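Here the structure is laid out as structure tokens; the discussion comes afterwards.
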Amino acid sequence: MINHYIALMKREFWEHRSIWVTPIAIASIVTLGTLTALMFAGEFAQELDVAIFGAQNIAGDTERAAVLTGFFVGSSWLFLIALSILTIFYALDSLYAERKDKSILFWRSLPVTDAETVISKLATAVILIPAVTIAGIIATHIVNLIVTSIWVSAKGGSPGTLIWGSVPLLDNWVAAIVVIYAMAVWMSPFLGWFLFVSAWTKRAPLLMAFLPLVLIPMIEGIFFRSAHFAEAVWGRSAQIPIFAGIDMERFFDEGHARMSEEMVSLLAHLDIGRFLTSIDTWIGIVVCGLLTTAAIYVRRYRDES
């Protein structure tokens, strides 16, 4: 059974080239941005010498780790934005396109059920696309660290000390994996909705998907003077209970900022237990399941026109 779904997900991977083209494009943009920044930085030779000397002999491992973590987080956010857009368009197009180009007739001739098809598309959005994104993030980090190491070495610095000796690779990558998959699970109700719209609508799936999400809050606000639907839908992404609260007093000592390993570690700011025990997480999973079931039903009885 698992091998069957893996085969269906491979089909999605090769049919929708944007799944792997998008991370490659983002990785190229980030790397070119790094190269451009290093080229412009070369114009400030004296300042660079002072900065490299200071970072190598004065700054500690924690301070250097904070700088590298900031770079990692900044570049990773580009992938997260691209991941969100890619997943929306994939989910909306996945079942709509097969009816539009009549390929549904071919797939129905194969020993693949409607449930298996729809679930494989949901698994692609929740598991495969995030996995490809994570691979793109890790590859981008490695390439940019190598490029930066070569540049630092050419300037007379020590890449072993400034880069590889301080970079918190495992912490950053594990945190990225946790956050990306937590976001995929947290936003799964939207994926279920997009799959349902993709299976149901005959035209303009993007419009059909977002029109109710805009009109219902407007009607609720005008006639009921409330915003419960808007908060539940549009505010959901900001309500994800994966991030731990930060006590800023722990990072200050006698009025001065104190750079600690806990502050630099991204994993220290995540609360996986809170996410897994949140009732909103499980409500979202149930809603996703119901909408996915509706998408299976619609695909089964929807004609191919």
### Query
If the chain between THR293 and ALA7 were fully stretched, how many nm would it gain, using 0.36 nm times the residue separation less the Cα-Cα distance?
100.8 nm
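Provide the packing ranking of 164-170, 226-232, i.e. peptides ordered by the mean count of other C-beta atoms within 10 Å per residue, highest first. Walk me through the numbers on the way to the answer.
Numbers: 164-170: 16.3, 226-232: 13.4.
Order by mean packing, descending: 164-170, 226-232.
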### Interchain or long-range residues, amide H under 5 Å from LEU270's placed H
ALA244
### Message
Report the gain in length on full extension from VAL286 to ILE146: 0.36 nm times residue separation, minus Cα-Cα distance, nm rounded to one decimal.
### Response
46.0 nm
#### Entry: Linear extension gain, ALA230 paired with ILE127, 0.36 nm per residue minus alpha-carbon span
34.3 nm
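I need the calculated FRET efficiency for the pair PHE89 and ALA154, taking r as the beta carbon distance and R₀ as 35 Å, to the nearest 0.05. Mind dumping the intermediate values first?
Values: r = 42 Å, r/R0 = 1.19.
The calculated FRET efficiency here is 0.25.
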### Task
Show me 285-292, 128-135 ranked by packing, highest mean number of other Cβ atoms within 10 Å first.
128-135, 285-292
### Two-site FRET efficiency, PHE210 against TRP164, from Cβ-Cβ distance with R₀ of 30 Å, rounded to 0.05
0.10
### Summary
Between ILE279 and ALA238, the two model label points (7 Å from Cα along the beta-carbon direction) sit apart by a distance in nm of 2.3
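Values quoted throughout were computed directly from the atomic coordinates according to the rules given, and no laboratory measurement underlies them. Keep in mind it's a predicted model, so treat the numbers as computed, not measured. A quick note on method: Cβ atoms are made from the backbone with ideal geometry, for glycine too, and the neighbour counts reach across all protein chains shown.
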